[in-house]
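Written below as structure tokens is the structure these notes are about.
The values are calculated or read from the model by the stated rules, or taken from the named source; none is laboratory data. All of these numbers come straight from a predicted model, not from anything done at the bench. Note that each Cβ is placed from the backbone with ideal geometry, even for glycine, and that neighbours are counted across all protein chains shown.
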Protein chains: 2
Amino acid sequence: MTLPALIALDWGTTSLRAYLLGSDGVALDTRTSSAGIMNLPAGGFDQAFEDTCGVWLDAHAPLRAQLPVIAAGMVGSAQGWIEAPYVETPAGADALVAGIVTVKTARGVIVHIAPGVLEQGALPNVMRGEETQIFGALFGEPALGGTSGALIGLPGTHAKWAFVADERIERFYTFMTGETFSALRDHTILGRTMHPGATHDEPAFLRGVDTARDAGQAGLLATIFSTRTLGLTGQLSAEQQPDYLSGILIGHELRGLNEVLARQQSSLAGRTLRLIGNDALCKRYRAALARFGCHDAPTVAHATERGLYRIAALAGLIAAPVRAA
Amino acid sequence: MTLPALIALDWGTTSLRAYLLGSDGVALDTRTSSAGIMNLPAGGFDQAFEDTCGVWLDAHAPLRAQLPVIAAGMVGSAQGWIEAPYVETPAGADALVAGIVTVKTARGVIVHIAPGVLEQGALPNVMRGEETQIFGALFGEPALGGTSGALIGLPGTHAKWAFVADERIERFYTFMTGETFSALRDHTILGRTMHPGATHDEPAFLRGVDTARDAGQAGLLATIFSTRTLGLTGQLSAEQQPDYLSGILIGHELRGLNEVLARQQSSLAGRTLRLIGNDALCKRYRAALARFGCHDAPTVAHATERGLYRIAALAGLIAAPVRAA
């Protein structure tokens, strides 16, 4: 039986996912709560940590040795428990380790918080939490971090697309796809004619993707209106409209990514990449990517806990191989 | 003194603007209310009409002749007072007249409601109210409607850009710029770091426009995130962020329009066009258009009442010249 070796926290804006990891990095237990940093009262971090991880700490107490704790995500932001200032691109795992900031809980436990990554420039970019997932993917598949570079997508509220090479995050883009979808659906006229469908409507979704790909030159602000007009003209049912709009937005994200790649004499077509995220959303992105000619975009499993485990190992919090076997 | 000749209603989603026009088409009185069609209770049209125009009708009653009433806008939609089905592009003023639908009020007054315009196609487009404003602009400046064609922009919640030629609306685009701005500001993370500025911050606005123009290839979903990251990195104050985001969105609208024009071997640069809308917003668009090389975009005054007056004349509701002098 593997003994607990590390508590690893993925502590974001809307949720807290806690992993009790064994010495081999495999999760022995997992707890999820809605104690994201935006849902906590002032000073609520300590209590949320106790509520989520206290039972693990209690069970481990007789073993005398402190169970190390590592965290990543918005918990290290200016609105978080304690600020772990961003490290700048190009950023390797060593830079993340060097940027770890600690906070001591009421119980006396030291929580190690990994920093996020900042890309300076005319249009700066930031990530918190995704960098740890990216290193989780790289540790699990070292070839990804080679000199030829790789592209990793992290769909979500704020989707990230990161270019990694030489085991470093070289640069990345943020697309506010998920949050914009929710805002348009819930707070514009587009939502008024929609009914949520019982199931994902794949043809409606792909129609939206194709619209963005083939007729998206006027931009998102123009194409989204077709959600309404295709409904008005009887070409899109109320149940199809949410998936169509989702397809339009994800389609514009991929169209934009393709434009970025075009300036590097590259393209999504025929490219190999990796996705990190929940299965349903990654599946949706894979279907959309296929419309852009990209047919090799598997989801990386366990990227979050693997990344936290490896950062903890590099930081000397646990005795473990710092490189994948 | 000019006698009242026509009640003209611009009845939209959120407001009702009523004009009492003299026989020369000039407004003798104007009343504005928040009785837009979305703000009315079921069956509330008759009461809203009475509340707004009753005083004019009462004053006119001793003159015996019925004061004709014409309306345009969402009042003719499926959610309106009575539906005036869309007429299709290319649409001239004669088609609008042929599509007028009437409703009789409790008082016995006949309200003539002009239809909107529909452009069929893979991405259909619709307008209601703007077509009347466009014909108001054409009647006032007949050269605009010539065979060489003109481009007319109507900034707003759902901005329209219409190509007109031979006195007909040939085709048009809708950009959900205003409504998307409100949804992003009020219902995404971008609003959390914003403070409304006391005055319009022109440099911040133009910075947003330039960002969309010069770095917008990744698309709107990517560029809007810079509102947040420029704040995080101390390059954009909380007060500057609303105008910056507004600039990004209007910049993407014009970038998209420029892409549409490029496919016609044309461009905004050096082009002459017309704007219809409120002065502050048109001024903002003129500043943005200048960043795309377009320096000739005056606002057409009185397009709404002029359009309603001329449609009424063409329909024989009033005795008036149907062509501008």
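Out of (1) part of a helix (DSSP H, G or I); (2) more than 10 Å from chain B (Cβ to nearest Cβ), what's the single condition that is false for A:L254?
Among (1) part of a helix (DSSP H, G or I); (2) more than 10 Å from chain B (Cβ to nearest Cβ), A:L254 violates only (2).
From A:R255, A:R284, A:R271, which residue is over 20 Å from A:F163 (Cα atoms), basic (K, R) and surrounded by 15 or more Cβ atoms within 10 Å (Cβ to Cβ)? Show your work before the answer.
Numbers: A:R255 fails: over 20 Å from A:F163 (Cα atoms); A:R271 fails: over 20 Å from A:F163 (Cα atoms).
Among A:R255, A:R284, A:R271, only A:R284 is over 20 Å from A:F163 (Cα atoms), basic (K, R) and surrounded by 15 or more Cβ atoms within 10 Å (Cβ to Cβ).
Give me a count of the residues in segment B:216-251 that are of a type in the set (G, A, S), at the interface with another protein chain (Cβ under 7 Å from one of its Cβ atoms), farther than 15 Å from B:F205 by Cα and more than 27 Å from the chain's Cα centre (by Cα). Break it down stepwise before answering.
Here is the first cut: in segment B:216-251, the residues of a type in the set (G, A, S) are B:216, B:218-219, B:222, B:226, B:231, B:234, B:237-238, B:246-247, B:251.
Among the residues that remain, those that are also at the interface with another protein chain (Cβ under 7 Å from one of its Cβ atoms) are: B:218-219, B:222, B:226.
With the extra rule that they be farther than 15 Å from B:F205 by Cα, the set shrinks to B:218-219, B:222.
If we keep only those that are more than 27 Å from the chain's Cα centre (by Cα) too, we end up with B:218, B:222.
Residues that pass the stated criteria total 2.
Of (1) crowded, with 20+ Cβ neighbours inside 10 Å; (2) closer than 18 Å to B:T89 by Cα; (3) more than 14 Å from every other protein chain (Cβ to nearest Cβ), B:R128 satisfies all except one. Which?
Just one mismatch for B:R128, condition (3).
Looking for something facing chain A (nearest Cβ under 9 Å), within 12 Å of the chain's Cα centre (by Cα) and either over 30 Å from A:G256 (Cα atoms) or of a type outside the set (S, T, Y) (or both) - is there at least one such residue anywhere in segment B:189-196?
no
Read through the list (1) in a loop (DSSP other than H, G, I, E, B); (2) within 21 Å of B:L154 (Cα to Cα); (3) in contact with a Ser or Thr (Cβ under 7 Å, 6 or more places away or on another chain), then give the number of the only condition that B:S266 fails.
(3)
I'm checking my understanding of the structure. Among residues of segment B:165-185 that are without any contact (Cβ under 8 Å) to a residue 24 or more places away in the chain and at the interface with another protein chain (Cβ under 7 Å from one of its Cβ atoms), which one is surrounded by the most Cβ atoms within 10 Å (Cβ to Cβ)?
B:M176
Say whether the condition of being farther than 30 Å from A:A183 by Cβ and either within 14 Å of chain B (Cβ to nearest Cβ) or modelled with pLDDT under 95 (or both) is met by at least one residue in segment A:66-81.
yes
Checking the condition in contact with a strand residue (DSSP E or B) (Cβ under 6 Å, 6 or more places away or on another chain) and either among the small types (G, A, S) or not assigned by TED's automatic domain parsing to the domain that holds B:Y86 (or both), which residue from B:F181, B:F205, B:F172 passes?
Selected residue: B:F172, the only one of B:F181, B:F205, B:F172 that is in contact with a strand residue (DSSP E or B) (Cβ under 6 Å, 6 or more places away or on another chain) and either among the small types (G, A, S) or not assigned by TED's automatic domain parsing to the domain that holds B:Y86 (or both).
Mind telling me which of the residues A:A215, A:A262, A:A238 ends up being farther than 21 Å from A:A183 by Cα, modelled with pLDDT of 95 or more and out of contact with any strand residue (DSSP E or B) (no Cβ under 7 Å at 6 or more places or on another chain)?
Step by step, each of A:A215, A:A262, A:A238 is checked, and only A:A262 is farther than 21 Å from A:A183 by Cα, modelled with pLDDT of 95 or more and out of contact with any strand residue (DSSP E or B) (no Cβ under 7 Å at 6 or more places or on another chain).
In segment B:34-148, which helices (runs of 4 or more DSSP H) lie fully inside it and hold 3 or more residues that are more than 16 Å from B:Y19 (Cα to Cα) and touching a residue at least 24 places away in the same chain (Cβ under 8 Å)?
Correct list: B:93-98, B:130-140.
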